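Nothing in this text is a laboratory measurement; each read-out follows from the coordinates by a stated rule. Predicted model only: the values in this text are computed from it and were never measured. Virtual Cβ from ideal backbone geometry, glycine too; neighbours counted across all protein chains shown.
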Amino acid sequence: MSPEIISSMLERIEQDNVRFLRLQFTDLLGMPKNVAIPAKQAEKALTDGIGLDGSSIEGFVRIEESDMVLRPDPSTYAHLPWRPRENGVARFICDVCKPDGKPFEGDPRYVLRMAMEDAAKDGYVFNTGPELEFFLFKMIEGRPTTQFQDAGGYFDLAPTDLAEDVRREIILALTQVRGQDDGADARPARIVHGKADLRHQRERDARELFARQGW
């Protein structure tokens, strides 16, 4: 990463009043993981990376090979709008590397990059647009339950569909975190909510958008 990019990112972190950074990656099963660091370590993270115990991540490495490094991708920086503004939180999606700086072959981000390069050699470009669906459950006395939040069905409106405001807030938040979203609605199954089709795009962009929206 060039000094110019590092300097630009540090300025942006300061302008956004960010106090904590989430360095995100996924395990082999695609589950989001992260290491949280204070923003004062941003320069170290962008320059040298942040250490990671790879043996603690399912499917990565044995304890004898546990030393790994998270290297933030500056193009994935996003300020998280649902966190406090006065002590802001931002995130980077990271590449998982070995101590010598080489990519870790088991990093899903690296695996996908290699697959896309192989496809490109054969003249293929893989675009995809995933569709996300989810359920909302009630909180009772501050505790989560398995009771469905409403009884809405496909394209229902309030008062049957009680999640209109929630879905709107989700869309606005995701848009601020660089998502390109087409909309949301109630789905066919009882009380299923849809974050409707994400725009078709290159596979790596779609994968990371899917992972962060699920998170």
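Here is how the numbers come out for the structure above:
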| item | result |
| --- | --- |
| For region 97-102, 3J(HN,Hα) per residue [Karplus equation, 6.51 cos²θ - 1.76 cosθ + 1.60, θ = phi - 60°, Hz, x = Gly/Pro] | 10, 7, x, 7, x, 6 |
| Efficiency of FRET from Cβ geometry, VAL125 and ASN17, R₀ 41 Å, rounded to 0.05 | 0.55 |
| Placed amide H near ASP95: partners under 5 Å, 5+ positions off or other chain | ARG71, ASP73 |
| Taking N as its residue count, the alpha carbon Rg of region 1-93 over 2.2 N^0.38 Å | 1.13 |
| ³J(HN,Hα) computed for each position of region 48-53 - Karplus, 6.51 cos²θ - 1.76 cosθ + 1.60, integer Hz, glycine/proline x | 10, x, 10, x, 9, 7 |
